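Notes to accompany the following structure.
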Amino acid sequence: MARKVQRVVFDEMVRKILPNKVLILFGARRVGKTELVRTYLKTQPKESYLLLNGEDQTTIDLLEVRSVANYKRLLGNCTLLAIDEAQHIPDIGMKLKLMVDEIDGLRVVVTGSSVFDLSNTLGEPLVGRSNIIQLFPLAQMEYAKSENLLETKENLEDRLIFGGYPELAHLSNSNDKISYLEGIVNSYLLKDILAYDGIKKSDKILDLLRLLAFQVGKEVSVDELSKGLKGISRNTVESYLDLLSKVFIIYKVGGYSGNLRKEVTKSNRWYFVDNGIRNAIIRNFNPLNLRMDTGELWENYLMAERIKFNSYTNKRSNIYFWRTYDQQEIDLVEETGDALSGYEFKWSPTKKVKAPGAWKKNYTSATFEVISQENYLDFIGA
């Protein structure tokens, strides 16, 4: 039987559900936002909260009349309002602003699977009235609470291939895991994307994701992507990339520069938030001994896990890659305040890797470390 994994943000969520404030819980579909809220609600007296679903037309109708009297009737004696997938409710930001401003002591928690919608509908109306938490697929630092080191080592290959979506923890059969991930790609992912006006070419969205999936850890130019997609303009490709970022499928990493002439700064690298989604896009769930992209999987996994760790520990770092035109490079550069740290990712290093000469010469106070299977758990906080 699968063990229940305790989400690391639960205690922070509890602290941030405050009177006359709105807690916004962001994250891709199926990463466990609803389950996290329901777990919290189980700690509350049943008569003290109201749980609504933003995708339900009844909920939309109940909130349609924007008046204090209407919302007080709806809430009754409840002092806590929870709304799942709140981005589907028209003018939800203005409606929540009215509630928390006018209904004394009301606590609100909402979830959403799109930065675009929630930033636009919640952002401005709730300035000074909200807290935000981002939830990711399960992090190794969360698995570590319920498994020993031997189990972690045994599960590493599975996580490189299938990723960390919570439901996978309850599936032991590889075929079931594949079906689940393909279902996310073909339904939830496309459902969010096609909800936007003007997005009609779902096949081109998937083609774009496939191009990115085969270039993890490499610089990708928008012009090259446009040519590869045939018939899709550069501006359209940029809008697709922006959209895919805002529904938590991919994220961009730019080049770091200390204003040295030879540093690459105008191109970007793209990574997937979850390895399983990346592999579902290219329909390759082969074991590592049958793959040619183990290095790419390792790099994508470590990047994602580091971002989760930084987010969950409130470490405010800017992330970059670093490369010079003469091909000296570092996979990840973290800028934390005035401190600069370089990390090179190696699945199976065959020789000792040293910091690039240009890095040591120009960033004398910066650190450099190789992350391999031997020390990666320290790097990702597990």
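Computed quantities for the displayed model
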{"item": "Within segment 136-247, helices (runs of 4 or more DSSP H) holding 1 or more residues that are among the aromatic types (Phe, Trp, Tyr)", "result": "140-143, 149-162, 174-183, 234-246"}
{"item": "From the options 181, 156, 160, residue that is at pLDDT 95 or above, over 30 Å from residue 242 (Cβ atoms) and crowded, with 16+ Cβ neighbours inside 10 Å", "result": "156"}
{"item": "Qualifying residue in segment 44-55 (condition: surrounded by 15 or more Cβ atoms within 10 Å (Cβ to Cβ), in contact with a Lys or Arg (Cβ under 7 Å, 6 or more places away or on another chain) and either modelled with pLDDT of 95 or more or not in a helix (DSSP H, G or I) (or both))", "result": "no"}
{"item": "Residue within segment 349-357 that is in contact with a Lys or Arg (Cβ under 7 Å, 6 or more places away or on another chain), free of Cβ contacts under 8 Å to residues at least 60 places away in the same chain and surrounded by fewer than 19 Cβ atoms within 10 Å (Cβ to Cβ) present", "result": "yes"}
{"item": "Any pair with Cβ under 7 angstrom, 6 or more apart, that starts in segment 14-34 at a residue that is in a helix (DSSP H, G or I) and ends at one that is small (Gly, Ala, Ser)", "result": "33/27"}
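Conditions (1) among the aliphatic types (A, V, I, L, M); (2) at pLDDT 90 or above, marked per residue:
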| site | (1), (2) |
| --- | --- |
| 199 | yes, no |
| 210 | no, yes |
| 216 | yes, yes |
| 233 | no, no |
| 239 | no, no |
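The values are calculated or read from the model by the stated rules, or taken from the named source; none is laboratory data. All of these numbers come straight from a predicted model, not from anything done at the bench. Ideal geometry is used to build each Cβ from the backbone, glycine not excepted, and the neighbour counts take in all protein chains shown.
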